[in-house]
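The values are calculated or read from the model by the stated rules, or taken from the named source; none is laboratory data. Bear in mind the structure is a predicted one, so any value in this text is a computation, not a measurement. Heads up, the Cβs are rebuilt from the backbone with ideal geometry, glycines too, and the neighbour counts pull from every protein chain shown. Heavy atoms of the whole protein, side chains included, go into the accessibility calculation; ligands, DNA and RNA do not. Shrake-Rupley method; radii C 1.70, N 1.55, O 1.52, S 1.80 Å.
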Amino acid sequence: FLETTAYFCMKPKMGEKEVSPHSFFSIWHEFSSDFKDFWKKENKLILQERVKEAEEVCRQKKGKSLYNIRPKHDSGIVSKNSCNT
């Protein structure tokens, strides 16, 4: 615990000799709660952006035809018979 408090440069409060676990973990709890809230908001924003991108790709694909329609050519049996008559 002491090594951890030294790593994070925690100093004891006025009138205390060492950093108490209560003071360290109360600060740590606030930090982790804020980080968790921020993380959730960021993930929600990223998800919304990805949904918008996917919807745009869907719209673009729907706009494009999945198959090509070619004009009908007179090369079948009916056209051969109609030319001979």
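This table checks each residue for (1) part of a helix (DSSP H, G or I); (2) open to solvent by 100 Å² or more (accessible area, probe 1.4 Å); (3) in contact with a Leu (Cβ under 7 Å, 6 or more places away or on another chain); (4) not β-branched (Val, Ile, Thr).
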{"position": "Lys11", "(1), (2), (3), (4)": "no, yes, no, yes"}
{"position": "Phe24", "(1), (2), (3), (4)": "yes, no, no, yes"}
{"position": "Asp37", "(1), (2), (3), (4)": "yes, no, no, yes"}
{"position": "Lys40", "(1), (2), (3), (4)": "yes, yes, no, yes"}
{"position": "Lys44", "(1), (2), (3), (4)": "yes, yes, no, yes"}
{"position": "Glu49", "(1), (2), (3), (4)": "yes, yes, no, yes"}
{"position": "Glu53", "(1), (2), (3), (4)": "yes, yes, no, yes"}
{"position": "Cys58", "(1), (2), (3), (4)": "yes, no, no, yes"}
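Beta carbons closer than 9 Å, at least 6 apart along the sequence or on distinct chains, pair a first residue in segment 22-38 that is among the small types (Gly, Ala, Ser) with a second that is surrounded by fewer than 12 Cβ atoms within 10 Å (Cβ to Cβ) for Ser23/Lys13; Ser23/Glu16.
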